[in-house]
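Have a look at the structure below, then the notes.
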Amino acid sequence: MTTRLIKHPCKKNVALYLGRQVFLTTDNFESSLLPFSIPTSMQVGTPKVTSAHFAGPVLLLVLNQKVYIYDYEVNSWNASVGIKHPVSHLSGDNCCYSEHPSCMDISNSVFAYLHGDQVSEANIYFSDSCGYTFQKFAYERQAELAGSLGGVFYFHSLSQVGLLLIDQGKAMFCYSHHPVNHSFGLPFDYNGTLDILITPGQKGILIFWFEKSLLVSWNAGQLVDPVEVKEGRQIVYSSLSEAKVTIHTVAANENELAVLTQENHLYYGNLGVLSRSLVKFADQNIWSQEAALMFTNVGMLEILTPLPDSVFLAFDFQKCPVNIQAILMDPKLQVDVCKVELLQGEFENKMYTIDMNSALELTALMIPRPGMSPVPLVMVSNPHSLGLQAVIYEDGYTYDGNTKHRLNISLMQQHHWGRADPNFTSSIRRPTMSTITVDIANKEISCVDLKPLTALVSVGCDLEKKIVIQNEITACYNGILDPVALQDNYSYVIERDAYDPNFWGQKATRDLVVHYHYEQLGCPHLVYYDTPWKPVVELWRGGKFKEVVEAEYVLLEVNGLFTYTYSLTAGTAFCTAQPQNWTTILEHAGDKGLFAWDRENYVSCHTDDNKAPLRWPDVPYQILGGPTDNKVVFDQRNGMYIFFLSIVDPHYSYCRLETSFSVYVYGAFPMSVIPQESTVFLLTGAILLTVWLAYILPKLLSTEKGLRLKGFWVRLYGRCRQSCACWQGRR
């Protein structure tokens, strides 16, 4: 009995009309349209659409409790994979700020579920691939929840998954992550099956409606309030249900809301801060059973009605444009004039990233009307993650003499402000998102063109960051290696006694030939074998050096070389718990593969979070950087090492900062083939023999036997001299 019109938030000309028939347009209903149809091969009985959602470049439809995908750009149909139970509804959102991966992830995320299932037994499915494949979604504590399922939503504005629970005419949201998972949202009346609309822009604004009720939430369902109806400055109805009207359809964009009723009433309101009221426009004959509402621009509304063609099977859409600003100028509506002439900021509709220990500075400009004193408000949708500080000051005058007010906004992770209780802040290890909005408090409904300033802030990995190993002294610079030879398919051999292909420290059965990738590694760093060493790690962002990394990191020789150790042990590193090492990490690596040690699974041995008792204090401590001065100690072996380096400190960056680099170790003499014990024994014996001879020989030469022996050697020496002289004369 009601119609729905779903408009793509990012592609403004794409929309889906749902009524007695379904129409999909890619030109804002400008051209004639045939009723939308699914291929015969996919039909199961009479197709019935119970839910639809635009997920990035595709349209998802629930048809007869199954999910189908239509790619309107290439005109192709697919059935979703992975859903094993009937579903009735889809939910998702679209991010239009940028092509940043975090923004794209929002558009790719979709939930599918069966409305009305018992929450404790409900089968919920989640897709991160625009609905092509789904996996069973495990909601923590789901089995403990009571009531029926009213919806599953990913509130990106709060970085939470929310479940709507319905029980005995009341509904409330529960949330997935700390700190809001410890309590429910405030309950509200649930009288009928509410259609829930997530407005574009990731600001956390939700609209709940059915024929007899209209509710709005500005904070992702934590508080849900009825929408008031005003005439001038007076509130005539505290909720639309008191007006005794039957809602036919609802439309909303980032900042505006419109409602059409079967009584030919058209209501309008803005979704600004502290604004939850509608005004009723003059009655006109605008309602019909097939009518739908659509915002085409700020302050521009259209009432659409499909009309069948008398000759062809196609339909044309009759458009009734509504200029909101022009209607609000009617004195009969008694609308106050807007108090602000200008509100602007360069950050509007942009996306920013705040990594760990980073900050963001934004500015906005407000110019009020003469004699007016509006109050600007700066808000974040996720105060558990993103903290702010705002300063406003006068910044000159316009040509008309109006005062310009400048607003300086500082944004930082809530953890680093130091002003919030730990029970209020979200987990610092988990990347989150938030929007920042600058608006005017109690803004008049006549401020149609004065949009709030909104930007999306990702508290997560800054993709412009990378780490580089400082390489001032290379083996090429010192002439040990030739860079030309390194670039010419250079390879080297690792002897079987020095490496283990399984990384367990066991000797291999054969030598390994390694091909050197000069393009990736360049000339290797030069290190003397007998000097403890650690690399100097530099952080770069956008091609500019930022700092030397002091955070904790780990090394692994990628070919399995084990001819090195560390200068510190668990005991000398003052660990209070047994430290992690590559052996224990690789045992539990699973699908992560060889380089599995990262910020996600690292646990410091110096914190109370590590509960492993310190049983083996003499094992090598394999973490470099951080609070210790640990270094790498090489064995007596010359040759090439190729290291993988990973920053594991979870509080340094949300990025997985990794790199590979090469080292050439020199200065080690070849190992002796004679055992060390034998060498020491023979050398000691030779020294003692020399001392004994130096003592005994002078005594022997003073005896009669010593004199005869001395004479013998003198005569022998003389004869040798004569023989040599004769031989030289003959020559």
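The values are calculated or read from the model by the stated rules, or taken from the named source; none is laboratory data. Because the structure is a prediction, the values reported are computed rather than measured. Because the Cβ atoms are built from the backbone with ideal geometry, glycine has one as well, and the counts that use them run over all protein chains shown. All accessible areas refer to the heavy atoms of the entire protein, side chains included, with ligands and DNA or RNA removed. Shrake-Rupley method; radii C 1.70, N 1.55, O 1.52, S 1.80 Å.
List of remarks:
- Residue within segment 555-567 that is open to solvent by less than 60 Å² (accessible area, probe 1.4 Å) and under 24 Å from the mean Cα position of the chain (by Cα) present: no
- Segment 343-370 - residue that is open to solvent by 40 Å² or more (accessible area, probe 1.4 Å) and without any contact (Cβ under 8 Å) to a residue 40 or more places away in the chain and, of those, nearest to ILE428 (Cα to Cα): GLU346
- In segment 70-83, the residue that is farthest from SER127 (Cα to Cα) out of those that are touching a residue at least 40 places away in the same chain (Cβ under 8 Å) and either outside any strand (DSSP E or B) or polar (S, T, N, Q) (or both) is TYR72.
- Check on GLU600, in a loop (DSSP other than H, G, I, E, B) and touching a residue at least 24 places away in the same chain (Cβ under 8 Å): yes
- For segment 467-492, a residue qualifies if it is in contact with a Leu (Cβ under 7 Å, 6 or more places away or on another chain) and more than 14 Å from TYR664 (Cβ to Cβ), and exactly one does: ILE467.
- Restricting attention to segment 394-423, the residues being in contact with a Lys or Arg (Cβ under 6 Å, 6 or more places away or on another chain) and without any contact (Cβ under 8 Å) to a residue 12 or more places away in the chain number 1.
- Scope segment 166-207; condition part of a strand (DSSP E or B), aliphatic (A, V, I, L, M), open to solvent by 10 Å² or more (accessible area, probe 1.4 Å) and over 20 Å from ASN94 (Cβ atoms); matching residues: ILE166, MET172
- So VAL468, is it closer than 24 Å to PRO535 by Cα, part of a strand (DSSP E or B) and modelled with pLDDT of 95 or more: yes
- Given (1) open to solvent by 10 Å² or more (accessible area, probe 1.4 Å); (2) part of a loop (DSSP other than H, G, I, E, B), number of the condition PRO306 does not satisfy: (2)
- Remark: ARG496 matches the filter, which requires a residue to be free of Cβ contacts under 8 Å to residues at least 60 places away in the same chain and open to solvent by 30 Å² or more (accessible area, probe 1.4 Å).
- Residue match in segment 207-215 (condition: touching a helix residue (DSSP H, G or I) at 6+ places or on another chain (Cβ under 8 Å), among the hydrophobic types (A, V, I, L, M, F, W, C) and closer than 25 Å to VAL87 by Cβ): no
- Wholly enclosed strands (runs of 3 or more DSSP E) of segment 531-592 bearing at least 1 residues free of Cβ contacts under 8 Å to residues at least 40 places away in the same chain: 544-548
- With respect to the conditions (1) out of contact with any His (no Cβ under 8 Å at 6 or more places or on another chain); (2) among the polar types (S, T, N, Q); (3) touching a residue at least 40 places away in the same chain (Cβ under 8 Å), SER91 falls short on a single one, namely (1).
- Any hit, segment 668-675, residues being modelled with pLDDT of 70 or more and within 30 Å of TYR518 (Cα to Cα): yes
- Only one entry in ARG496, ARG510 is under 19 Å from THR563 (Cβ atoms), in contact with a helix residue (DSSP H, G or I) (Cβ under 9 Å, 6 or more places away or on another chain) and among the basic types (Lys, Arg), namely ARG510.
- Conditions (1) of a type outside the set (Gly, Ala, Ser); (2) within 30 Å of TYR518 (Cβ to Cβ); (3) in contact with a Pro (Cβ under 6 Å, 6 or more places away or on another chain); (4) crowded, with 18+ Cβ neighbours inside 10 Å; number of the one not met by CYS655: (3)
- Residue within segment 334-345 that is farther than 30 Å from LEU18 by Cβ, modelled with pLDDT of 95 or more and part of a loop (DSSP other than H, G, I, E, B) present: yes
- When the residues of segment 604-632 are filtered to those that are crowded, with 16+ Cβ neighbours inside 10 Å and hydrophobic (A, V, I, L, M, F, W, C), the one that is farthest from the chain's Cα centre (by Cα) is VAL619.
- VAL378 meets each of the listed conditions (1) under 14 Å from LEU343 (Cβ atoms); (2) modelled with pLDDT under 95 apart from (2).
- Here LYS84 passes the criteria (1) at pLDDT below 95; (2) of a type in the set (D, E, K, R); (3) in contact with a Phe, Trp or Tyr (Cβ under 9 Å, 6 or more places away or on another chain) except the one numbered (1).
- Residues of segment 103-117 that are touching a strand residue (DSSP E or B) at 6+ places or on another chain (Cβ under 6 Å) and farther than 30 Å from THR353 by Cα: TYR113, HIS115, GLY116, ASP117.
- Segment 53-90 - residue that is closer than 19 Å to ARG4 by Cα and of a type in the set (S, T, N, Q) and, of those, least open to solvent (accessible area, probe 1.4 Å): SER88
- Test: residue in segment 24-32 that is in a strand (DSSP E or B), touching a Leu at 6+ places or on another chain (Cβ under 6 Å), open to solvent by 20 Å² or more (accessible area, probe 1.4 Å) and on the phi < 0 side of the Ramachandran plot: yes
- If the condition is being surrounded by 14 or more Cβ atoms within 10 Å (Cβ to Cβ) and hydroxyl-bearing (Ser, Thr, Tyr), then segment 428-484 contributes THR432, SER434, THR435, THR437, SER446, THR454, SER458, THR474.
- Segment 208-236: number of residues that are polar (S, T, N, Q) and not in a strand (DSSP E or B): 2
- Any hit, segment 317-332, residues being touching a residue at least 24 places away in the same chain (Cβ under 8 Å) and small (Gly, Ala, Ser): no
- Selection from segment 1-23 of residues that are open to solvent by less than 50 Å² (accessible area, probe 1.4 Å) and more than 39 Å from the chain's Cα centre (by Cα): THR2
- Residues of segment 117-140 classified as within 25 Å of HIS384 (Cβ to Cβ), open to solvent by 10 Å² or more (accessible area, probe 1.4 Å) and without any contact (Cβ under 8 Å) to a residue 40 or more places away in the chain, total: 5
- Subset of segment 309-325 (residues that are among the small types (Gly, Ala, Ser) and open to solvent by less than 60 Å² (accessible area, probe 1.4 Å)): ALA314
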